[in-house]
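The structure under discussion appears below in the form of structure tokens.
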Amino acid sequence: MSSDNTIRLLLIHDVPAEAQRLVSMLQNAGRPNRAQHVASEAALTKLLQEHTWDLLIAAEQGKQLEAATAIRTINKLQKDVPAILLTEREGSQPVVEGLKAGARDVVTIDEDQHLLLVIQRELTALEERRQARQHDRRYHATLNRAKELLDSSKDAIAYISDGLIVYANDSFAERFGYTDRDDVEYQPLIDMLTEGEQPDARDFLRNCAISNNEVEAQEWQFTAKTANGTPLSTKAEVLSTIYDDERCLQVRIAASSGNTEELEAQLSEAKNRDAATGLYNRQRFVQLLDNAITAAAGSQRTGGLIYIEIDRFEESVQQVVGVAGADQLHKKFGELLQSSARRGDIIARYGEESYCLLMPETTPDSAESRSRELLQKVADTIFEAAGKTLHITASIGISLMSETSGNADKVLEQASKAHDQATAKGEGHFALYEPDSEQQGDADTYHRARVTQALEAGNFKLLYQPILSLQGSGEKLYEVLVRMVDGKEELAPIAFLEALGDAGLSTKMDRWVILNAVKAAAAQNAKGEPVSVLLHLTAASLKDNSLPAWLGVAFKAAKVAPKTVTFQLRAEDINSNLHAARDFAKQVQDLGCRVSVCHFGTGLSPFKALEHVKVDIAKIDASFVREVQDEGEDSEALVKLVSQLKEIDTQVIVPHVEQASMLPTLWQSGTDYIQGYYVQPPGEEMNFDFSLD
């Protein structure tokens, strides 16, 4: 995770002052955060269900909420929130106990440098896991689309591995007179050819496999035999490819013109249904489950899967009423499940004696409550089949779905494991799946040298991103961004500059940016196109007592009015340098400049610093916008923050606006400016058409 990203932090600590110290420590280290202090399991559950969180830091032995309970709650909800515990005890014992409880690491209190390194490691790993899950979902979605295309293709297609047909679509089965693809899958392809064709066919297929040609298909003409033994002259194309992660051959027979209408027909609804119950069948359900998992991951909501299996099915049903009676029982069992369905539920017959109920949105308590009700309903029902009455029970395994759920197979596997836990208690029980917690110097020198060399060689350039007024001020305001040109790369040097802690290099960079930005503004003014610029300053410049006087000289030399320049400070830099920030703000405001704070809204008490440092503009932290735009949350927190800033006469910039749907909310809230790709990405020229304002 980039150091520019705001950390969504959960804090569990009995001492509020220590919680605030941790927040300040992170801000001082250049890690903006939105922290939430948690004092109860119920509050933690609510927060986990309503928002996405990046990290949990908890006191090892809390009285209000035990760390082990918090970790278990996270695991129960299947949320990917790494937990770091703080301990006052010495030695390895607290570390061992914490890791066993499911914590990622245990750090001794006041060892801040150690804690920062652990936090960075866990955030990096979290970002990698999130990306891996996203790639996994995209991969499976691609596979599913490819499978659907194969299944519905009018061409007859089969995949051959070691001579066996490992996949055949319906068109392939129909081509050779079979009623179902199951009749041909996992049968030797050679057996579908006439005997005289078989020796040559073996040699041909062997050569195709050896050549491993994935680009140009080889033509193959042979005489096959249909299901009733009738010879069928066939022309196919053979290509080497990958199917189900295995190297195999694809055999494709183009649809004949005479069968076009029949082959173009889509799979009917009946093919997605179980014949005995009318419920979705296993194949269709897995597709719907994958869709639900993707939706749960995108919306940050929690879905649930209830896996239901009839207890002792063979002894209590089949041996009593036979196969035909079992089908009657299944029909009535399916009706019972349907009568218990709620809006949005998806019910399917998954196996011979098992069913699945998919809930797109639920909570652990709700899933358990519904399971309890279902089991009671089954136990209370008298089923009739084959002229006999049956009393049966069922057992249930529950798996939740969230951003950590990779695919349908994983969720079904978890539900099956939970079912095993339920049956271990006896018949008629349920269990919720819970993960096993036990399964869960030179670079600085290099970066410093790169920045120094780039400064000396002039290998920097400025980019300008327009900030658009929503209230019709008419101001043409641009934020100035700096990029270091290194070969074909364009890098933002600020992030690792501040991490280096080299104050001299940081102030040198800031002054370079200021000089070149005011020169560019002066050039625009000379063309009769007056602009204003917003310039970011590092913490080092904030503490540079000589900077205000230098600015006065620079403005006069460039013939730029100070009122057209706004200096932007990070909220975390202000909080960790209150006196320096207060003095700097006053001095540059006396010159006529404005002062802005960015990343505003982070920390436990964001408005506290504004009691000491007067700012003219506040740029809301991007995490508030991402919650609404990307995660589908409501805009209440964002609107409330804007309203609070307006009450203290502070103008507001909302950044990272990428969707037009954000505009009505922002305009109604009184937001002064918007910035983001919806307005315009950063560019090398100040040429935005502000007449759209």
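A few notes on this one:
- Only the Cβ atoms of Lys and Arg (+1) and of Asp and Glu (-1) were treated as charged; on that basis the dipole of region 166-249 about its Cα centre amounts to roughly 260 debye.
- For Lys331, the aspartates and glutamates whose Cα falls under 13 Å of its own Cα, not counting residues fewer than eight places away in the same chain, are Asp274, Glu352, Glu353, Glu384.
- Taken over the chain, the convex hull of the Cα atoms encloses 234 Å³ per residue.
- Looking at the chain alone, DSSP beta bridges between its own residues are antiparallel in about 60 percent of cases.
- Distance in nm between pseudo-label sites at Thr226 and Lys563 (7 Å out along the Cβ direction from Cα): 9.1 nm
- Applying a DSSP loop filter and a limit of 16 other Cβ atoms within 10 Å to the trypsin sites (Lys or Arg not before Pro) in region 302-343 leaves Arg312, Arg342, Arg343.
- Counting only protein heavy atoms and a 1.4 Å probe, region 521-637 has 41 square angstrom of accessible area per residue.
- Dipole-positive endmost among Trp53, Ser643, Ala43 within the chain (Cβ charges, Cα centre): Ser643
- Taking a ≥ b ≥ c as the square roots of the eigenvalues of the Cα gyration tensor, region 1-160 is classed as prolate, since a/c reaches at least 1.5 and a/b is larger than b/c.
- One chain, two ends: Asp182 and Ser161. Fully extended at 0.36 nm per residue, the span grows by 5.9 nm beyond their Cα-Cα distance.
- Placing +1 on the Cβ of every Lys and Arg and -1 on the Cβ of every Asp and Glu, with nothing else charged, gives the chain a dipole about its Cα centre of roughly 2260 debye.
- Eligible lysines near Lys543 by straight Cα distance, threshold 17 Å, same-chain separation 8 or greater: Lys508, Lys586, Lys614
- Model label zone, Ile242; criterion: amide N under 19 Å from point 7 Å along Cα-to-beta-carbon; scope region 388-425: 407
- Qualifying lysines (Cα of each under 19 Å from Cα of Lys332; at least 8 residues distant if same chain): Lys377, Lys388
- Lys235-Gln283 FRET efficiency (beta carbon distance; Förster radius 30 Å; 0.05 resolution): 0.50
- For region 109-254, carbon and sulfur atoms together expose 47% of the accessible surface, with a 1.4 angstrom probe and every protein chain in place.
- Projecting the Cα atoms of Ala217, Val251, Val81 onto the charge dipole of the chain (Cβ charges, centred on the Cα centre) puts Val81 farthest toward the positive pole.
- Point-to-point label distance, Ala125-Met25, nm (Cα→Cβ direction, 7 Å offset): 1.9 nm
- Put a plus charge on the Cβ of each Lys and Arg, a minus charge on the Cβ of each Asp and Glu, and nothing anywhere else: the dipole of region 28-130 about its Cα centre is then about 420 debye.
- Region 111-183, relative contact order [Cα under 8 Å, separation at least 6], %: 17 percent
- Over the residues of the chain, the helix contribution to mean residue ellipticity at 222 nm works out to -13500 deg cm²/dmol, using -39500 (n - 2.57) for each DSSP H run of at least 4.
- The chymotrypsin sites (Phe, Trp or Tyr not before Pro) found in region 112-209 that occupy coil by DSSP, while having at most 12 further C-beta atoms within 10 Å, are Tyr186.
- What the Cβ-Cβ distance of Asp380 and Ala295 gives, at R0 = 30 Å and to the nearest 0.05, is a FRET efficiency of 0.35.
- Loop-located GluC sites (Glu not before Pro) in region 36-88, at most 11 other Cβ atoms within 10 Å (DSSP): Glu88
- Once both labels are positioned 7 Å from their Cα atoms along Cα-to-Cβ, the gap between Arg372 and Glu111 label points is 4.4 nm.
The values are calculated or read from the model by the stated rules, or taken from the named source; none is laboratory data. Note that this is a predicted model, so its numbers are computed, not measured. Cβ: placed from backbone, ideal geometry, glycine included. Neighbour counts: every protein chain shown. The accessibility values were calculated without ligands, DNA or RNA, using every heavy atom of the protein model including side chains. Shrake-Rupley method; radii C 1.70, N 1.55, O 1.52, S 1.80 Å.
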